[in-house]
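Asks: Here it is, the structure, as structure tokens.
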Ligand code: DGL
């Protein structure tokens with residue numbers, strides 16, 4: 001067991017299960033470990049200090065369980081903790097391991113896709129106030145005008161399993177209508193949970209607006225990363241084993257986990 005190495009996928013809650021499912025679809029051969037910090041979710045309304053502390057503890061858990069590479073499948077953690085983890089924590093404690101986020105790949109894709117240089121972003125309050133998407137988009141294309149909107153109602157709706165309800169539709173219209181008025185031609189779904197609302201978002205978004213969804217981009221980027229980093233790729237065990245951990249095992253995790261992952265999953269509660 002100790003010699004088995006995995007790819008770790010971390011999210012504050014369930015949203016990352018959707019990203020993991022899409023990653024496994026593209027890269028089924030590897031071992032994976034998923035961790036959802038459901039006891040302390042949502043992260044998106046918390047302070048930067050706390051988001052860093054929680055993320056660092058999650059990363060440490062995954063490394064101690066033999067992950068070679070970790071994907072922060074959480075935009076809030078990617079926005080408020082990733083840089084500090086890469087610059088300060090990894091060199092000191094896990095110099096050979098790597099942690100990647102979801103913001104840079106989505107930002108780069110949006111900057112490439114926009115024709116009018118007008119990009120809209122919806123995300124949690126913490127992600128929006130970190131300006132992480134703005135920073136990464138402007139690195140690629142300084143001419144882009146960015147219109148952002150925090151949508152605090154959407155995560156609780158998804159976590160409650162209400163993503164197909166009329167409530168979800170009302171909340172999405174409230175979030176998106178002001179952005180459409182800015183004549184954006186690209187919309188970033190800057191929260192892992194929003195992938196689960198993609199069908200509803202598509203329904204109310206004008207057809208000239210291109211939707212950037214991390215569930216499509218992250219598996220593709222991870223595949224490219226592994227091709228370009230063969231030393232890391234070689235170390236990861238290819239036995240198709242997937243382990244699921246959560247910090248709060250409620251019936252809801254099992255029920256929603258099964259729903260979001262589209263397969264029955266066995267989850268183990270852990271303390272971090
Ligand atoms: N997973 C988080 C994100 O992508 C949303 C949930 C939360 O606020 O913890 O930003």
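The values are calculated or read from the model by the stated rules, or taken from the named source; none is laboratory data. These numbers were taken from a predicted model, which means no experiment stands behind them. Counting neighbours? That spans all protein chains shown, and the Cβs are built from the backbone with ideal geometry, glycine included.
Asks: Among (1) more than 14 Å from the ligand (Cβ to nearest atom); (2) surrounded by fewer than 24 Cβ atoms within 10 Å (Cβ to Cβ); (3) not in a helix (DSSP H, G or I), there is one condition residue 25 misses while meeting the rest; what is its number?
Replies: (3)
Asks: Just wondering, is there one or more residues in the range 59-77 that are in a loop (DSSP other than H, G, I, E, B), under 17 Å from the mean Cα position of the chain (by Cα), on the phi < 0 side of the Ramachandran plot and surrounded by fewer than 23 Cβ atoms within 10 Å (Cβ to Cβ)?
Replies: The answer is no, given that none of the residues of the range 59-77 is in a loop (DSSP other than H, G, I, E, B), under 17 Å from the mean Cα position of the chain (by Cα), on the phi < 0 side of the Ramachandran plot and surrounded by fewer than 23 Cβ atoms within 10 Å (Cβ to Cβ).
Asks: Further question on the same structure: Any idea which residue in the range 242-269 is modelled with the highest pLDDT, counting only those that are in a loop (DSSP other than H, G, I, E, B) and surrounded by 13 or more Cβ atoms within 10 Å (Cβ to Cβ)?
Replies: This residue is 247.
Asks: Specify the residue that is farthest from residue 270 (Cα to Cα); the eligible residues are those in the range 78-103 that are in a helix (DSSP H, G or I) and within 15 Å of the ligand (Cβ to nearest atom).
Replies: Filtering first and then ranking leaves 103.
Asks: Quick one: which residue in 52, 34 is out of contact with any strand residue (DSSP E or B) (no Cβ under 7 Å at 6 or more places or on another chain) and under 21 Å from residue 190 (Cα atoms)?
Replies: 52
Asks: Within the range 144-160, which residues are part of a loop (DSSP other than H, G, I, E, B) and either without any contact (Cβ under 8 Å) to a residue 12 or more places away in the chain or more than 19 Å from the chain's Cα centre (by Cα) (or both)?
Replies: Result: 144, 160.
Asks: Hey, another quick one. Of the conditions (1) outside any helix (DSSP H, G or I); (2) within 12 Å of the ligand (Cβ to nearest atom); (3) more than 15 Å from the chain's Cα centre (by Cα), residue 3 satisfies every one except a single condition; which number is it?
Replies: With (1) outside any helix (DSSP H, G or I); (2) within 12 Å of the ligand (Cβ to nearest atom); (3) more than 15 Å from the chain's Cα centre (by Cα) applied to residue 3, the lone miss is (2).
Asks: Specify which of the listed residues (245, 210) is in contact (Cβ under 8 Å) with a residue 12 or more places away in the chain, within 18 Å of residue 159 (Cβ to Cβ) and touching a helix residue (DSSP H, G or I) at 6+ places or on another chain (Cβ under 8 Å).
Replies: On inspection, the qualifying residue turns out to be 245.
Asks: Within the group 106, 111, which residue is at pLDDT 95 or above, away from the ligand (no atom under 16 Å from the Cβ) and either touching a helix residue (DSSP H, G or I) at 6+ places or on another chain (Cβ under 6 Å) or under 16 Å from residue 189 (Cα atoms) (or both)?
Replies: Going through 106, 111 in turn, the sole match is 111.
Asks: If you take the residues in the range 161-212 that are part of a loop (DSSP other than H, G, I, E, B) and modelled with pLDDT under 95, which one is farthest from the ligand (Cβ to nearest atom)?
Replies: In this case the residue turns out to be 164.
Asks: Another question, then. Of all residues in the range 186-207, how many are more than 22 Å from the chain's Cα centre (by Cα) and under 24 Å from residue 19 (Cα atoms)?
Replies: 2
Asks: Can you tell me which residue in the range 42-58 is nearest to the ligand (Cβ to nearest atom), limited to those that are surrounded by fewer than 24 Cβ atoms within 10 Å (Cβ to Cβ) and in a loop (DSSP other than H, G, I, E, B)?
Replies: Among those residues, the one meeting the criterion is 42.
Asks: With respect to residue 234, is the statement that it is farther than 21 Å from residue 113 by Cβ, more than 16 Å from the chain's Cα centre (by Cα) and in a helix (DSSP H, G or I) true?
Replies: yes
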